[in-house]
1. Could you please find all residues in the range 56-102 being under 13 Å from the mean Cα position of the chain (by Cα) and among the aromatic types (Phe, Trp, Tyr)?
2. Within the range 91-103, which residues are surrounded by fewer than 20 Cβ atoms within 10 Å (Cβ to Cβ) and either of a type in the set (Gly, Ala, Ser) or within 18 Å of residue 42 (Cβ to Cβ) (or both)?
3. Being over 15 Å from the mean Cα position of the chain (by Cα), among the hydrophobic types (A, V, I, L, M, F, W, C) and at positive phi, is that true of even one residue in the range 31-43?
4. Between a residue in the range 152-165 that is open to solvent by less than 30 Å² (accessible area, probe 1.4 Å) and any residue that is of a type in the set (Phe, Trp, Tyr), which pairs come within a Cβ distance under 6 Å, given they are 6 or more apart or on different chains?
5. Any idea which of 14, 31 is crowded, with 23+ Cβ neighbours inside 10 Å, under 23 Å from residue 164 (Cβ atoms) and either of a type outside the set (D, E, K, R) or in contact with a Ser or Thr (Cβ under 7 Å, 6 or more places away or on another chain) (or both)?
6. Do we find a residue being in a helix (DSSP H, G or I), among the basic types (Lys, Arg) and out of contact with any strand residue (DSSP E or B) (no Cβ under 6 Å at 6 or more places or on another chain) anywhere in the range 8-26?
7. Considering only the range 126-151, how many residues are over 19 Å from residue 66 (Cβ atoms) and assigned to a helix (DSSP H, G or I)?
Amino acid sequence: MTVGNISLLFGGVALFLNSLSLFGKVDLKSAGVFSLLTGLLQTFVATLLVIGAAGDPILTFGYASIYLFAFTYLYVGITFIFGLDGSGVGWFSLFVAIAAFFYAGVSFSAGDWMSGTTWLFWTLLWSMFFIGMGLNRNVDALTARVALVLSWLTLIVPALVGLRFGTAGSSYQLLWSAAAIVTVLYFVYSALKLSPLRRPVQS
């Protein structure tokens with residue numbers, strides 16, 4: 001689906017820039033502008049697709065998931081641009097993490113293991129945003145690594161491959177599976193090395 005892959009592609013770029021902002025490589029307001037633009041694009045795409053679904057419950061359920069990304073980027077973009085407190089984004093991310101976990105369960109129940117695994121990765125990412133901004137825990141170093149890797153593994157690469165070749169091929173799925181396993185190992189290593197769940201950041 002071309003339109004959906006375009007939405008994924010720009011979502012991946014926005015997440016990549018946001019991860020770099022956590023590393024201190026990109027100014028927050030600069031990353032916020034791109035997040036805001038991406039959120040507007042994804043809101044338009046999601047609405048277009050939902051309308052096109054013509055009330056089909058399965059299609060509508062799938063397309064509605066784009067709003068989870070769209071409103072995250074809108075919220076993050078506005079927060080970064082205007083220097084707002086991030087606690088609202090954090091608690092919103094808790095809702096999105098729960099929704100993503102639900103989407104993962106639906107995908108696995110339908111036999112779509114790749115989609116299910118992808119949604120589990122996104123559940124982890126939004127949970128990290130909740131822990132960092134909602135609970136005010138010092139997890140930025142780990143969140144930056146998770147966001148950086150997932151921007152490419154779950155968004156940019158699948159979108160580019162999907163736009164040109166499609167992602168149903170066995171070769172792609174095998175390579176993606178290997179990359180996903182390496183990613184899990186890297187996240188575990190990073191979590192152990194960084195020991196992120198420490199005391200709340202002092203204001």
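1. Of everything in the range 56-102, those that are under 13 Å from the mean Cα position of the chain (by Cα) and among the aromatic types (Phe, Trp, Tyr) turn out to be 67, 69, 71, 73, 101.
2. Answer for the range 91-103, where residues must be surrounded by fewer than 20 Cβ atoms within 10 Å (Cβ to Cβ) and either of a type in the set (Gly, Ala, Ser) or within 18 Å of residue 42 (Cβ to Cβ) (or both): 95, 99.
3. Within the range 31-43, not a single residue is over 15 Å from the mean Cα position of the chain (by Cα), among the hydrophobic types (A, V, I, L, M, F, W, C) and at positive phi.
4. From residues that are open to solvent by less than 30 Å² (accessible area, probe 1.4 Å), the pairs are 154/121.
5. 14
6. The answer is no, given that none of the residues of the range 8-26 is in a helix (DSSP H, G or I), among the basic types (Lys, Arg) and out of contact with any strand residue (DSSP E or B) (no Cβ under 6 Å at 6 or more places or on another chain).
7. Within the range 126-151, residues that are over 19 Å from residue 66 (Cβ atoms) and assigned to a helix (DSSP H, G or I) number 16.
Matching residues to (1) under 27 Å from residue 141 (Cα atoms); (2) open to solvent by 30 Å² or more (accessible area, probe 1.4 Å); (3) in contact with a Ser or Thr (Cβ under 8 Å, 6 or more places away or on another chain):
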residue: 70; (1), (2), (3): yes, no, yes
residue: 73; (1), (2), (3): yes, no, yes
residue: 78; (1), (2), (3): yes, yes, no
residue: 84; (1), (2), (3): yes, yes, no
residue: 89; (1), (2), (3): yes, no, yes
residue: 110; (1), (2), (3): no, yes, no
residue: 123; (1), (2), (3): yes, no, no
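The values are calculated or read from the model by the stated rules, or taken from the named source; none is laboratory data. What you are looking at is a predicted structure, and each value in this text was computed from that prediction instead of being measured. Don't worry about glycine lacking a Cβ; one is built from the backbone with ideal geometry, like all the others, and counts go over all protein chains shown. Areas reflect the complete protein model, heavy atoms only, side chains present, ligands, DNA and RNA absent. Shrake-Rupley method; radii C 1.70, N 1.55, O 1.52, S 1.80 Å.
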